[in-house]
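I have placed the structure first, in the form of structure tokens, so that the comments after it can refer back to it.
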Amino acid sequence: MLITGGASGIGLEATKQFLEIGARVIITGRNQDKLDAVKQAMPSVTVIKSDVEKEEDAHSLFTQVTALGGIDLLYHNAGVGSPALNLGATNDQILENAVYEMKVNYFGVIRLNNLFMDMLKSRTQSAIIITTSILSLVPALEEPTYSASKVALSFYTKLLRKDLEILGSSLKIFELLPPLVATEMTAKRNDKKMTTHDLVKALLSGIKKDQLTIRVGDTKLIYLISRFFPKVAFNLVNPKKIYAQLR
Ligand SMILES: NC(=O)c1ccc[n+]([C@@H]2O[C@H](COP(=O)([O-])OP(=O)(O)OC[C@H]3O[C@@H](n4cnc5c(N)ncnc54)[C@H](OP(=O)(O)O)[C@@H]3O)[C@@H](O)[C@H]2O)c1
């Protein structure tokens, strides 16, 4: 299997837990030092420096993975988020953030899927895991362009699953919707956070049960509330205390 962004955060925990259940794991990331540290701690992991934003990296990754015998599971975990900005206050940074997040979180997934799709479809048992977010259900004022990138990814995920079904393919498409999880990405947030350990346990349990949409922790609650009381869900994700930093 291949995990993008597997050298830290949720991806690193996934690397450990998939290894524990006997998977042969290849991970990617942009930072060679982080990849080297994983290789040292877990020598059986194959590490490949590769940026999901870059076309040439993706092609090289595909060639290297093919040479290693290919994969049955492609786990899109790499993702980025930018600091909070008020979309109503003119700032060139808003566009820069949006472009960066879309390039990594959205186009990065489509790029690798285009490369690996035929390989994955040719396997008897294969799957893709796509990491969206609780924020693909309800957007966060603190992460506006990030929320938009994850909702784009979530729509893509649902349509990819249906398109494969129309083609008669057995390739499974899992969508993982984490709540707030304690990683580098959320280090500055003081709210309640799930551990990476518990999140990945829930992912593995969802996969075992063949549950294609894996909503974890608070995501389950926000999903239900957002269906019936969208304003209540919006206010739960965006409590008034955060308005001050957006003024
Ligand atoms: N933490 C949360 O609360 C939360 C909630 C919902 C969803 N998620 C999603 O879960 C996923 C993992 O997040 P995390 O919290 O574990 O974040 P993290 O701690 O910041 O880790 C992100 C990982 O992605 C890699 N990465 C970033 N950009 C990349 C690129 N262009 N190419 C290849 N690798 C790249 C990073 O490694 P390098 O820097 O070395 O490239 C890092 O290993 C993301 O998709 C995120 O959006 C997180």
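The values are calculated or read from the model by the stated rules, or taken from the named source; none is laboratory data. Keep in mind it's a predicted model, so treat the numbers as computed, not measured. Using ideal geometry, Cβ is built from the backbone for each residue, glycine included, and neighbour counts are taken over all protein chains shown.
Before moving on, here are some points about what is shown:
- Complete set of residues in segment 236-247 that are assigned to a helix (DSSP H, G or I) and surrounded by 13 or more Cβ atoms within 10 Å (Cβ to Cβ): Leu236, Val237, Ile242, Leu246
- Segment 178-229 - residue that is aliphatic (A, V, I, L, M) and more than 16 Å from the chain's Cα centre (by Cα) and, of those, nearest to Glu20 (Cα to Cα): Ala187
- Segment 1-24, subset part of a helix (DSSP H, G or I) and buried (at least 19 other Cβ atoms within 10 Å of the Cβ), residue farthest from the ligand (Cβ to nearest atom): Phe18
- Any hit, segment 67-74, residues being of a type in the set (D, E, K, R), within 15 Å of the ligand (Cβ to nearest atom) and within 21 Å of the chain's Cα centre (by Cα): no
- Only residues that are near the ligand (Cβ under 10 Å from one of its atoms), at pLDDT 95 or above and in a loop (DSSP other than H, G, I, E, B) were counted across segment 168-215, and they come to 6.
- Scope segment 120-142; condition buried (at least 17 other Cβ atoms within 10 Å of the Cβ) and either in a helix (DSSP H, G or I) or of a type in the set (Gly, Ala, Ser) (or both); matching residues: Leu120, Ser126, Ala127, Ser133, Ile134, Leu135, Ser136, Ala140
- Of the residues making up segment 25-44, just one is within 8 Å of the ligand (Cβ to nearest atom), surrounded by fewer than 22 Cβ atoms within 10 Å (Cβ to Cβ) and of a type in the set (S, T, N, Q), namely Asn31.
- Top-ranked residue in segment 80-114 [being part of a helix (DSSP H, G or I), aliphatic (A, V, I, L, M) and buried (at least 17 other Cβ atoms within 10 Å of the Cβ); ranked as farthest from the ligand (Cβ to nearest atom)]: Ile94
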